[in-house]
Amino acid sequence: MTRILKLFIAAIVFSVSASAQGSASLTIDKSKQSAQSITLPDNSDLVKDFLEDLIKNSGGKAKRSDGYLYGQGIKSAELEGTKKVNAYFDIGKTKNDGREISVVTLVVKDDNEKFASDTLNADLYRSAGKWLNSFQMKMEVYKRDREIASLTAQLKDVNKELSALRKRVRNNKDDNIAAIKDNEKKLDDLTRRLEELQKN
């Protein structure tokens with residue numbers, strides 16, 4: 001519960017730079033389709049990784065189509081009026097104070113291949129907008145989980161190196177006291193950072 005509350009607060013803090021832009025359009029198969037967009041305060045490569053992960057974790061398949069990132073067969077309780085959704089994501093780049101940020105534009109169609117708009121498949125269109133607005137909070141969770149995975153991998157490597165150094169010292173094959181102390185410091189630092197992330 002505490003973690004959810006902290007993520008909610010983080011989402012409010014990010015709302016200045018991660019806000020819905022409202023309606024737009026994307027051209028798909030030479031036809032303009034109703035779209036919705038949001039600005040996220042992250043670079044486009046990270047946003048692309050996040051969207052591919054989101055598609056995969058929603059039971060879909062991510063691929064390229066018409067120059068867009070295409071999510072096929074997405075299942076989500078957040079998306080109303082259909083069992084599965086196919087989604088087109090356009091990931092644009094812009095800058096804010098010299099820093100790259102991303103504009104994500106979304107078009108959805110139902111499992112009958114009918115595109116959603118505010119007049120057709122309106123329930124799906126509205127829920128897709130809410131789903132899109134939830135990306136700022138989901139993005140924060142994704143970044144935290146990635147950092148935890150990275151720190152865990154680093155922790156494993158440092159533990160392995162430290163174990164090898166200690167073994168060499170025990171066997172009187174080497175005097176690596178300075179290296180051991182350095183690795184112990186790295187280990188403590190990584191452990192502390194990991195614990196802080198996991199508390200959040």
So, relative contact order of the range 55-200 in percent, Cα under 8 Å, 6 or more apart, is 13 percent
Taking placed amide H atoms and a strict 5 Å upper bound, the residues 5 or more places from Ser65 or on another chain that come that close are Tyr70
Mean Cβ-within-10 Å packing, highest first, puts peptides 130-142, 92-104 in the order 130-142, 92-104
Taking 37-47, 154-164 and ranking on average Cβ neighbours within 10 Å, highest first, one gets 37-47, 154-164
Using a 1.4 Å probe on heavy atoms of the protein chains only, the accessible area for Lys114 in Å², nearest 10, reads 120 Å²
The FRET efficiency for Lys32 and Thr94, from their Cβ-Cβ distance with R0 = 35 Å and rounded to 0.05, is 0.95
Taking a probe of 1.4 Å and leaving out DNA, RNA and ligands, the range 83-200 shows per residue an accessible area in Å² of 62 Å²
Between the alpha carbon centres of the range 64-112 and the range 176-200 the gap in Å comes to 39 Å
Taking R0 as 41 Å and r as the Cβ-Cβ distance between Asp111 and Ala149, the FRET efficiency 1/(1 + (r/R0)^6), rounded to the nearest 0.05, comes to 0.80
Projecting the Cα atoms of Gln154, Asn121, Phe50 onto the charge dipole of the range 43-200, where Lys and Arg contribute +1 and Asp and Glu -1 at Cβ, the residue farthest towards the positive end is Gln154
Carbon plus sulfur, as percent of the 1.4 Å-probe accessible area of the range 22-120, comes to 41 percent
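The values are calculated or read from the model by the stated rules, or taken from the named source; none is laboratory data. None of the values given here were measured: they were computed from a predicted structure. All Cβ positions, even for glycine, are placed from backbone atoms using ideal geometry, and neighbour counts span all protein chains on display. The area values use the complete protein model at the heavy-atom level, side chains included, leaving out ligands, DNA and RNA. Shrake-Rupley method; radii C 1.70, N 1.55, O 1.52, S 1.80 Å.
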